């Protein structure tokens, strides 16, 4: 249990933006339940930052709601849900394998919907709560070879606005964060398979207005703001945090 502290659930918490968010919310006084499929990294996070690790594979849609029910029975109703977990597929719409396309949609869009569906009724019962969905600037601008990812993230923005529209009157505050290119394990994986990693890194940094990639902590700061009491007038917003990429 949370020992009087408000609880925050963070998916994708083993690495990248999710990990930075879990650490930031823990420092803000939350009892953080870190959800991810990577047991080893969850244990490392829990040991270093006193969060509660909880293994869940969001690609296994049939078991997501049952797993969340178990989480809620154990830790109670969360004050905050951060849907940060995501996967990408490097392919155009012509090149997409249908199974891979579906997996990207499942993890990036359907799983967050299932988590929202699990937490909203108990949040309403206690007077409200906050949901922050981590989308991407790929949701609002063309991104080469990211057809499935862009589609899923655009859907996540639409889901955010739908949840806000449906439940703002019940005390639910739902917003989305749209990061630009952020230095994460995924970025490193893209560079590792690039024909020219140096040129690819240069491209990835220069497409931000400020000439560098973002840090996961910078996105976590925005998520923490949206989760907090200073953001009470934010409802259904898509907050772009991209180093100026979308204005170039």
*What is the Cα convex hull volume of segment 128-234 when expressed per residue in Å³?*
108 Å³
*With each run of n ≥ 4 DSSP H residues scored as -39500 (n - 2.57), what mean residue ellipticity at 222 nm is computed for the chain after dividing by its residue count and rounding to the nearest 500 deg cm²/dmol?*
-14500 deg cm²/dmol
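For residue 225 and residue 43, what is the calculated FRET efficiency with R₀ set at 22 Å and r taken between the beta-carbons, to the nearest 0.05? Display every interim value, and only then the final one.
Working: r = 29 Å, r/R0 = 1.32.
After rounding to 0.05, the efficiency reads 0.15.
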*Provide 30, 186 in ascending order of the number of other Cβ atoms located within 10 Å of each residue's Cβ, fewest first.*
186, 30
*Would you please report the Å³ per residue occupied by the convex hull of the alpha carbon atoms in the chain?*
125 Å³
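Under the definition of Cα pairs under 8 Å and six or more residues apart, what whole-number percent is the relative contact order of the chain?
Details: 479 pairs, mean separation 48.1, N = 248.
That works out to 19 percent.
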*Centroid-to-centroid separation of segment 200-236 and segment 6-76 [C-alpha atoms, Å]*: 21 Å
_Contact order normalised by residue count of segment 66-119, Cα under 8 Å, 6+ apart, percent_ = 48 percent
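Could you work out how much longer the chain between residue 246 and residue 162 gets when fully extended? Use 0.36 nm per residue separation minus the Cα distance between them, nm to one decimal. Numbers along the way, then the final one.
Values: separation 84, 0.36 × 84 = 30.24 nm, distance 2.35 nm.
This chain segment gains 27.9 nm when fully extended.
In terms of the ratio Rg/(2.2 N^0.38 Å) built on C-alpha atoms, what value belongs to segment 1-110?
1.13
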*Label 7 Å along Cα→Cβ of residue 189; segment 54-68 residues with amide nitrogen under 17 Å?*
56-60
*For segment 38-172, what does the alpha-carbon gyration tensor say about shape, rounded, prolate or oblate, given a ≥ b ≥ c as the root eigenvalues, a/c under 1.5 as rounded, and a/b over b/c as prolate?*
oblate
*Please determine, in degrees from 0 to 90 and to the nearest 10, the orientation of helix 111-125 with respect to the longest principal axis defined by the Cα atoms of the chain, where the helix direction is its Cα long axis.*
30 degrees
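Among 105, 223, which comes first, then next, by fewest other beta-carbon atoms within 10 Å? Spell out each step's value before the answer.
On the way: 105 17, 223 29.
Result, fewest neighbours first: 105, 223.
A short reminder: the numbers here are calculations on the coordinates, not readings from a lab. It should be emphasised that the depicted structure is a prediction, and the values quoted were computed from it without experimental measurement. Neighbour counts run over all protein chains shown; Cβ positions are idealised from the backbone, glycine included.
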